[in-house]
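Read-outs throughout are calculated quantities, based only on the coordinates presented, and are distinct from any laboratory measurement. Small disclaimer: the values here were computed from a predicted structure and weren't measured. Virtual Cβ from ideal backbone geometry, glycine too; neighbours counted across all protein chains shown.
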Amino acid sequence: MSYRIPEALIGEENARLAAAQAEDYAALGRRLRRAGVDIEAITARVAAFAVAVPTWGVGTGGTRFARFPGPGEPRGIFDKLEDCATIHQLTRATPTCSPHFPWDKVDDYRELAEFAAGLGVGFDAVNSNTFQDQPGQTLSYKFGSLSHSQKAVRDQAVAHNVECIEIGEKLGSKALTVWIADGSNFPGQSNLDRVFNWYLESMGEVYARLPGDWRVFLEHKLNEPAFYSTVISDWGTSLMAAQALGPKAHCLVDLGHHAPNVNIEQIVSRLIRAGRLAGFHFNDSKYGDDDLDTGSIDPFRLFRVFNELVDASARGAAGFDPAYMLDQSHNVTDPIESLMVSAMETQRAYAQALIVDREALAGAQDANDVMLAHRILKAGFVTDVSPILAEARLRNGGAIDPIAVYRASNYRKVKAKERPAVAGSSSGIV
Ligand code: LRH
Ligand code: MN
């Protein structure tokens, strides 16, 4: 039986921190009550908040230049699920993971589903991959996949997405995420209209194979690996495609897939209005699709996104049911530590947005009292909600300080012994 962090260690560490936690929580409760906010209501919603872990994120990531694997790297999906379970054991915020195929391919998906259930982890949206050629693949995706000029290549890509749906059904998923790298590097290389038509034709065939209660998430991205045009480059194109395909098609927002300084929270607001917000791939970035840890570069931007989400749920926006997932590449940190902190940072932005006095904000906005409106919103962001996040973890059976417990458990050192190093790829994101 491979090593799992003993529940007793979590208990010991929590006992050490319990008094300070209770004092901080009570103090914040008193402060929020003065502002007319019931801390218990916030803690209950944070405790119910969940974000999915990307299976491709628990291994050390890399760039096109290099990848520096760490000790105890997961050797495959079974090790990845163990690490996903450890993240949830300590944060109680990540009950599901989002798998990627064929990276997580196995022979027996029922065995995989049982293994995951045994660890207390479920499966969120499945991700297809027609942005790489697999060994033995008949036709190459070098010049595209679902939008390729050759019908045979499009059919191959459609078949792969249908296979992902069938795998997802065995795992209990309810959604397929489709990100394609299709695009061009030279003006004239492709006809910008025809490639979109081919994409819609192909996705129409994938859409037709979705089970009744499934959704398909279309993921737009400005550029990379294509550097002149990208077929699904922005939210407008994604929304056009979703509306052309049908009500099960929604638009997924990966925070890193936009030009620098784009107002992403406004894109979120528009997609909510259209009833087509699929959800998110949370991460952070400074330049391009950097896939840095969520909330590590621009936590105020993450807060502004959650402000739109809380506002939408408060006004009962139609069809509002976003899926929350992380999508990051951990090149220089222990992926488990990064994913735990990132999950907590999404909870932090959510709690801060829940604290905002929406009635007073609307009043100030309608009165065009600009500074008052900004300060009412900012008051949520500047509130240190750490005691609420810790209380939610504690009540859910997790760790007050997940990083402290993880380090005290020597999990990584033990896994380094259990998992002999495998020759990983010398570069690339996984
Ligand atoms: C594309 C992307 C997509 C995944 C991949 C690993 O940049 O965000 O969501 O398939 O990363
Ligand atoms: Mn993504």
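Looking at Ser202, His281, Met240, which one has the Cα that reaches farthest to the positive end of the dipole of the chain (charges on Cβ: Lys, Arg +1; Asp, Glu -1)? Going by the charge dipole, the pick is His281. Hey, any idea what Rg/Rh is for the stretch 1-132, computing Rh the Kirkwood way over Cα pairs? Rounded to two decimals, Rg/Rh equals 1.08. Each Lys and Arg contributes +1 and each Asp and Glu -1, all at the Cβ; summed about the Cα centre of the chain, the dipole is approximately 260 debye.
Show me 165-177, 59-71 ranked by packing, highest mean number of other Cβ atoms within 10 Å first.
165-177, 59-71
Once the Cβ-Cβ distance of Asn368 and Ala113 is raised to the sixth power relative to R0 = 45 Å, the FRET efficiency obtained is 0.25.
Packing, taken as the mean count of other beta carbons within 10 Å per residue, orders the peptides 410-421, 86-97 from highest to lowest as 86-97, 410-421. Label-to-label distance, Asn263 versus Ala379, with points set 7 angstrom from Cα along the beta-carbon direction: 2.4 nm.
By the Cβ-Cβ criterion of under 4.7 Å, the unpaired cysteines of the chain are Cys164, Cys251.
Against the compact-protein benchmark of 2.2 N^0.38 Å, the Cα-based radius of gyration of the stretch 78-176 scales to 1.22. Using 1/(1 + (r/R0)^6) with R0 = 35 angstrom and r between the beta carbons of Phe227 and Ala318, what's the FRET efficiency to the nearest 0.05? Calculated transfer efficiency: 0.40. The convex hull built on the alpha-carbon positions of the stretch 361-407 has an orientation-averaged projected area of 4.4 nm². Under 25 Å of direct C-alpha separation, and excluding same-chain neighbours fewer than eight residues apart, Lys80 reaches these lysines: Lys105, Lys170, Lys174, Lys413, Lys415, Lys417. Comparing Leu271, Gly118, Leu252 along the charge dipole axis of the chain, the residue lying farthest to the positive side is Leu271, per the Cβ-charge model.
For a label point 7 Å from the Cα of Ser2 along Cα→C-beta, name the residues of the stretch 306-337 whose backbone N is under 13 Å from it. What the label zone holds, given the 13 Å backbone N cut-off, is no residue at all. With helices as the sole contributors, the chain gives -15000 deg cm²/dmol at 222 nm; each DSSP H run of n ≥ 4 counts as -39500 (n - 2.57), and the sum is divided by every residue.
Starting from the Cα gyration tensor of the stretch 197-293, take the square roots of the eigenvalues, sort them a ≥ b ≥ c, and report rounded, prolate or oblate (rounded when a/c is under 1.5, otherwise prolate if a/b is larger than b/c, else oblate). Note, shape of the stretch 197-293 comes out prolate. For Ser386 and Arg33, the FRET efficiency from 1/(1 + (r/R0)^6), where r spans their Cβ atoms and R0 equals 22 Å, is about 0.80.
By the gyration tensor of its Cα atoms, with a ≥ b ≥ c the square roots of the eigenvalues, what is the shape of the stretch 345-428: rounded for a/c under 1.5, prolate for a/b over b/c, or oblate? Prolate, since a/c reaches 1.5 and a/b exceeds b/c. By the Cα gyration tensor, the chain has an equivalent ellipsoid whose semi-axes, rounded to whole angstrom, run 35, 29, 18 from largest to smallest. Note on the stretch 34-74: Cα-Cα pairs beyond 11 Å make up 76% of the total pair count. Pairs of alpha carbons in the stretch 256-357 separated by more than 24 Å make up 21% of all such pairs.
For the stretch 46-63, the residues whose amide N sits under 17 Å from a probe point set 7 Å from the Cα of Gln132 along the beta carbon direction are 54-63. Between Arg273 and Leu192, the simple spin-label model (points 7 angstrom out along Cα→Cβ) gives 2.4 nm.
Let me know the shape class of the stretch 139-268, please: from the alpha-carbon gyration tensor, a ≥ b ≥ c as square roots of the eigenvalues, rounded when a/c is under 1.5, otherwise prolate if a/b is greater than b/c, or oblate. In terms of gyration-tensor shape, oblate. Entry note, the chain: relative contact order of 24 percent, from Cα contacts under 8 Å with a spacing of 6+ residues. Counting only aspartates and glutamates at least 8 places from Lys151 when in the same chain, those with an alpha carbon closer than 19 Å to its own are Asp133, Glu163, Asp182, Asp193, Glu201, Glu205.
Compared with the alpha-carbon gap, the fully stretched path from Ala41 to Ala19 is longer by 5.8 nm at 0.36 nm per residue.
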